[in-house]
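The structure appears right after this line, and notes come after that.
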Amino acid sequence: MEKIEVRLNSLLGTKNDAGIAKELFNSFEWNWRVPKDKIKITVEGGWITMEGELLWLYETDAERDAVKNLLGFNGVSNNIRIKSESGLFEKADIGKALKRHWCIYDINMNVQVAAHKATLTGTVGSWCQKNEGSRIAGNAPGI
């Protein structure tokens, strides 16, 4: 769970809960990566609470992106979790995907998978390699 509190500049003012909800709904509507039918949103006292279960990491990134550009709210409680339909995770599959990527194919990364969490260890030579490794592992279903 993430809980983020935002302190607003007094010149920006605040919006009412209905206005915040409408803006957030519109932001979700314009972003095709956000699965609107799987996220429940409530706004109370300027505080946004999001709940639901998603299948993919990119969907959680998309809903965060939809919120981060809004103005006039007090904070966000992000209670969205990633849930796999199959429940089976193969660390070998993640390792193979890492070896197929042009940027990190020759890096020695160790992959550990426990429940819905993948942990990569090893040494990389750049931020690009670190980010690509995280992205590839995060794209595995249910991770």
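Nothing in this text is a laboratory measurement; each read-out follows from the coordinates by a stated rule. Predicted, not measured: the structure shown is a model, and the values here were computed from it. Cβ sites come from the backbone with ideal geometry, for glycine too, and all protein chains shown count toward neighbours.
Rounded to the nearest 10 degrees, what's the angle between the helix 17-29 long axis and the longest principal axis of the chain, both from Cα atoms, 0 to 90? So the inclination is approximately 40 degrees. With the simple spin-label model, which puts each label point 7 Å out from Cα in the Cβ direction, the residue 53 to residue 131 separation comes to 3.2 nm. Just 46, 75, 122 to compare: in a GNM of the chain, with alpha carbon springs under 10 Å, which one fluctuates most? Among 46, 75, 122, the largest mean-square fluctuation in the Gaussian network model of the chain belongs to 122. Helix 91-100 and the longest principal axis of the Cα set of the chain meet at an angle near 80°. For the chain, the antiparallel share of DSSP beta bridges with both residues in that region comes to about 65%.
Compute the angle between helix 127-138 and the longest alpha-carbon principal axis of the chain, please, reported from 0 to 90 degrees and rounded to the nearest 10. Rounded to the nearest ten degrees, it is 80. Each label point was placed 7 Å from the Cα along the Cα-to-Cβ direction; for residue 79 and residue 110 their separation is 3.7 nm. On the beta carbon distance between residue 121 and residue 100, with R0 = 22 Å, the FRET formula returns roughly 0.70.
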